[in-house]
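Each remark here refers to the structure printed beneath this line.
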Amino acid sequence: MDGAKTVMKTKDTQKNNPWQRALKQFQSAVQQTKIDPLLVLQLENPDRVMEVSLPLRMDDGTARVFQGFRVQHNNIRGPYKGGLRYHPQVDMDEAKALAFWMTIKNAVVGVPFGGGKGGIAVNPKELSSGELERLTREFTRKLAPIIGPEVDVPAPDVNTNGAIMTWIADEYGKVTGKAHPAVVTGKPIANGGSEGRTEATGLGGSYVLQHLLKKRKLDPKNMTVAIQGFGNVGSYLARYLHEAGFKVVALSDSKGGIYVPKGIESIEAVEACKEKKGMLAGCYCIGSVCDVNNKKAIGAKEISSDEILTLPVDIVVPAALENAITEKNARNIKASIILEMANGPTTLEADAILKKKDITVIPDVLTNAGGVAVSYFEWEQNRKNEHWKKADVFARLQKLMEVATDTVIRVSKKRKVSLREAAYITAVDRIADSTISKL
Ligand code: NAD
């Protein structure tokens, strides 16, 4: 019955343990900088980890138990902040790695939050809406003593959404008697959510890329892009890059992809086709008519979701899962720039290969921080009882992402290190500064 526990055990033995990788990334970056050994230990060890059992009455009267997790990695710079993921493979090491990356990410873009992450080992698609709500409310009752607007602020992540955040805010208010929308972010707009949160991660990534290219005096109009993953992040990124004049030539999802060497004409038409068919494969569009039979007419090719990473393009974007770029495919990457939009898409071995090939990797902790930046705007609006216009949210987001990009580029040039190492050094220096100012 408890399949989640079995998955957790097999995942522990996996070679690519995300927490071990996060620690190695951190250790390689801190070698380049002088930091207090006490702070190193604080960042290598989460402040608090919580694992809870969540017994649930199913609709058919039977009972099951699920495991829930919350990792509060570090709060030197502000309340713990990070998503809740509902997925069968959620476990403590994954939550620790993702919470650690949140601490780094929030410091890189300068929002006053620390890092947290968590979730439930469950496949929510196997639950009815009532079961999902009861499970979420049970999880909230267990989380209530350790979360709060000034303490730890969860948000949506894989398989969680605004409706789930609304249940959490409601249950938190009932349990604690201190109802406040700022206890979670990523809420629907009607319940205190921010304009622009849905688009924020993809849009933030497009700001980072455009700013970096501008600094290198490269014109987006001549640059080809291939994007792996066409969910929230990949689809908005594709839309904004296309709007900015990039030639988006390839897109993929878990079931396959499309490659149109002369450039995809309309991202919206492909999106509508995917919505209808449930997959991208075969979405070859001429105007708004998308059909597999158009393939020849537009000179397109069918590709697998792995092939997309090694196409002859200028920019490759992993925007799907962790560990997409490994030692197996890194040598075959032809792009000169990798824009990491997924969390942890490049393994350590792959990173070393890309460095030797002189490929620019724009790291996840910078590129995908647009989501948490707008979550911070939502939290701020809730606390001030304000509602900002979408154009204002986007203008603030652009400024924040561009300033962070400038900082990371500057540190990378000054220290002669990769952009990833520069991002880590920036974050660790900021956390160290906050530690000192709190003494
Ligand atoms: P999503 O579930 O909306 O979309 C994921 C996409 O990846 C889907 O199109 C899915 O079909 C595709 N996919 C899954 N397996 C694949 C495979 N093997 N090959 C190709 N495509 C595959 O998720 P999302 O919100 O877009 O998040 C994508 C990544 O970005 C995740 O790593 C997530 O942690 C990270 N991220 C998301 C946000 C956010 O605000 N949504 C913020 C920061 C980071």
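The values are calculated or read from the model by the stated rules, or taken from the named source; none is laboratory data. Since the model is a prediction, treat every value here as computed from it, not as a measurement. Glycine also receives a Cβ, built like all others from the backbone with ideal geometry; neighbour counts cover every protein chain displayed. SASA here: full protein model, heavy atoms, side chains in, ligands and nucleic acids out. Shrake-Rupley method; radii C 1.70, N 1.55, O 1.52, S 1.80 Å.
Summed over the range 215-234, residues that are in a helix (DSSP H, G or I) and away from the ligand (no atom under 16 Å from the Cβ) total 4. Looking only at the range 41-55, residues that are open to solvent by less than 30 Å² (accessible area, probe 1.4 Å) and either more than 29 Å from the chain's Cα centre (by Cα) or within 15 Å of Ala427 (Cβ to Cβ) (or both) come to 1 in all. In the set Val175, Val153, Val109, only one residue is more than 25 Å from Ala342 (Cα to Cα), at pLDDT 95 or above and of a type in the set (Val, Ile, Thr); that residue is Val175. Tell me, please, whether a residue that is part of a loop (DSSP other than H, G, I, E, B), within 18 Å of Ser235 (Cα to Cα) and within 16 Å of the ligand (Cβ to nearest atom) can be found in the range 323-335. Taking every residue of the range 323-335 in turn, at least one turns out to be part of a loop (DSSP other than H, G, I, E, B), within 18 Å of Ser235 (Cα to Cα) and within 16 Å of the ligand (Cβ to nearest atom). Only one of the numbered conditions (1) farther than 18 Å from Gly82 by Cβ; (2) more than 16 Å from the ligand (Cβ to nearest atom) is not met by Val393, and that is (2). Residue check: Leu280 meets all listed conditions (1) assigned to a loop (DSSP other than H, G, I, E, B); (2) open to solvent by 30 Å² or more (accessible area, probe 1.4 Å) but one, namely (2).
Output the residues belonging to the range 28-52 that are of a type in the set (Val, Ile, Thr) and under 16 Å from Leu98 (Cβ atoms). The one that is of a type in the set (Val, Ile, Thr) and under 16 Å from Leu98 (Cβ atoms): Val49.
In the range 336-349, the residue that is most open to solvent (accessible area, probe 1.4 Å) out of those that are touching a helix residue (DSSP H, G or I) at 6+ places or on another chain (Cβ under 9 Å) and either more than 16 Å from the ligand (Cβ to nearest atom) or among the aromatic types (Phe, Trp, Tyr) (or both) is Glu349. For the range 296-316, the set of residues classified as in a loop (DSSP other than H, G, I, E, B), surrounded by 14 or more Cβ atoms within 10 Å (Cβ to Cβ), at pLDDT 95 or above and not β-branched (Val, Ile, Thr) consists of Ala300, Leu311, Asp314, listed by residue number. Which one is nearest to the ligand (Cβ to nearest atom) among residues in the range 77-100 that are open to solvent by 10 Å² or more (accessible area, probe 1.4 Å) and part of a helix (DSSP H, G or I)? The qualifying residue nearest to the ligand (Cβ to nearest atom) is Glu94.
Of the candidates Gly173, Gly205, the single residue that is within 16 Å of the ligand (Cβ to nearest atom), open to solvent by less than 20 Å² (accessible area, probe 1.4 Å) and out of contact with any Pro (no Cβ under 8 Å at 6 or more places or on another chain) is Gly205. Can you find a residue in the range 121-133 that is away from the ligand (no atom under 15 Å from the Cβ), buried (at least 21 other Cβ atoms within 10 Å of the Cβ) and part of a loop (DSSP other than H, G, I, E, B)? Yes, some residue in the range 121-133 is away from the ligand (no atom under 15 Å from the Cβ), buried (at least 21 other Cβ atoms within 10 Å of the Cβ) and part of a loop (DSSP other than H, G, I, E, B).
State whether the residues of the range 357-373 include one that is away from the ligand (no atom under 16 Å from the Cβ), assigned to a loop (DSSP other than H, G, I, E, B) and modelled with pLDDT under 95. Checked against the condition, which is being away from the ligand (no atom under 16 Å from the Cβ), assigned to a loop (DSSP other than H, G, I, E, B) and modelled with pLDDT under 95, the range 357-373 yields no hits at all. Candidates in the range 393-439 are the residues that are among the acidic types (Asp, Glu) and under 26 Å from Glu340 (Cα atoms); of these, the one that is surrounded by the fewest Cβ atoms within 10 Å (Cβ to Cβ) is Asp406.
Table: residues versus (1) away from the ligand (no atom under 16 Å from the Cβ); (2) in a helix (DSSP H, G or I); (3) open to solvent by 70 Å² or more (accessible area, probe 1.4 Å); (4) farther than 23 Å from Asp306 by Cα.
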position	(1), (2), (3), (4)
Thr201	no, yes, no, no
His211	yes, yes, no, yes
Lys262	yes, no, yes, no
Glu271	no, yes, no, no
